[in-house]
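First the structure, in the form of structure tokens, and then the observations on it.
Here, each number is a calculation from the coordinates, and none is a lab measurement. Given the structure is predicted, the values throughout are model-derived calculations rather than measurements. Positions of Cβ are generated from backbone atoms using ideal geometry, with glycine treated the same way; all protein chains shown enter the neighbour counts.
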Amino acid sequence: MSGARTSAPAAPANADQESQDYVTVLVGAQLFGIPVLQVQDVLGRQAITRVPLGPPAVAGALNLRGRIVTAIDTSACLGLRAADTAPAEATISIVVEHRGELYSLIVDQVGEVMPVDIASLEANPLTLDPSWRDISRGVHKLQERLMVVLDIAALLDRVVAIPA
């Protein structure tokens with residue numbers, strides 16, 4: 001078994017809500033949504049120090065107000081760029097927390113905070129790349145495009161081996 005998710009997306013923690021707010025980001029040409037409550041900060045260009053012998057998708061580390069933050073090359077994680085190719089110079093990062101640590105997800109562009117009707121969240125389509133199914137909570141069909149909802153915990157667990 002590949003471990004791909006085939007069940008319907010989990011119900012939101014607050015079932016009384018009719019919409020979920022997402023920070024929208026572009027990685028390559030694909031639109032992704034990150035639940036807004038998981039976003040700690042949005043950073044412009046930052047100096048990233050390469051970490052020797054780190055996992056391929058780890059771009060390096062950066063200093064965020066005195067705290068060392070692991071920078072994750074989201075394009076490489078998603079197979080949209082070779083892991084040994086450096087991210088673009090003009091990078092934007094979304095800072096998220098996972099298991100008590102901060103991570104900076106390097107993306108190509110940050111869009112808006114978008115409220116989306118919870119009922120429109122659909123299970124991952126069978127045609128979604130298998131490597132994306134494991135890190136997606138589902139998809140929203142928007143007017144012009146498809147927004148893949150990232151499962152930040154699954155993405156980071158895949159990239160960084162963190163003891164439970």
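In nm, what is the difference between 0.36 nm times the number of residues separating Arg145 and Arg65 and their Cα-Cα distance?
25.2 nm
Using only the alpha-carbon atoms, what does the range 20-157 span along each of its principal axes? Please give whole angstrom values in decreasing order.
Reported extents, whole Å, longest axis first: 42, 28, 28.
Hey, rough spin-label estimate for Ser19 and Val51, points 7 angstrom out along Cα→Cβ, what's it come to in nanometres?
Reported label-point gap for Ser19 and Val51 is 3.7 nm.
Tell me which residues come under 5 Å, amide H to amide H, from Ala71 once H is placed; ignore anything under 5 positions away on its chain.
Ala59, Gly60, Ala61, Leu62, Ser104
For a protection proxy built on the mean count of beta-carbon atoms within 10 angstrom, sort 116-127, 147-158, 68-79 highest first, please.
68-79, 147-158, 116-127
Using modelled amide H (1.01 Å from N, peptide plane; none on Pro or chain starts), what sits under 5 Å from the amide H of Glu101, excluding residues fewer than 5 places away?
none
For Ile92, list long-range residues whose amide hydrogen, built 1.01 Å from N in the peptide plane, is under 5 Å from its own amide hydrogen.
For Ile92, the qualifying residues are Val107.
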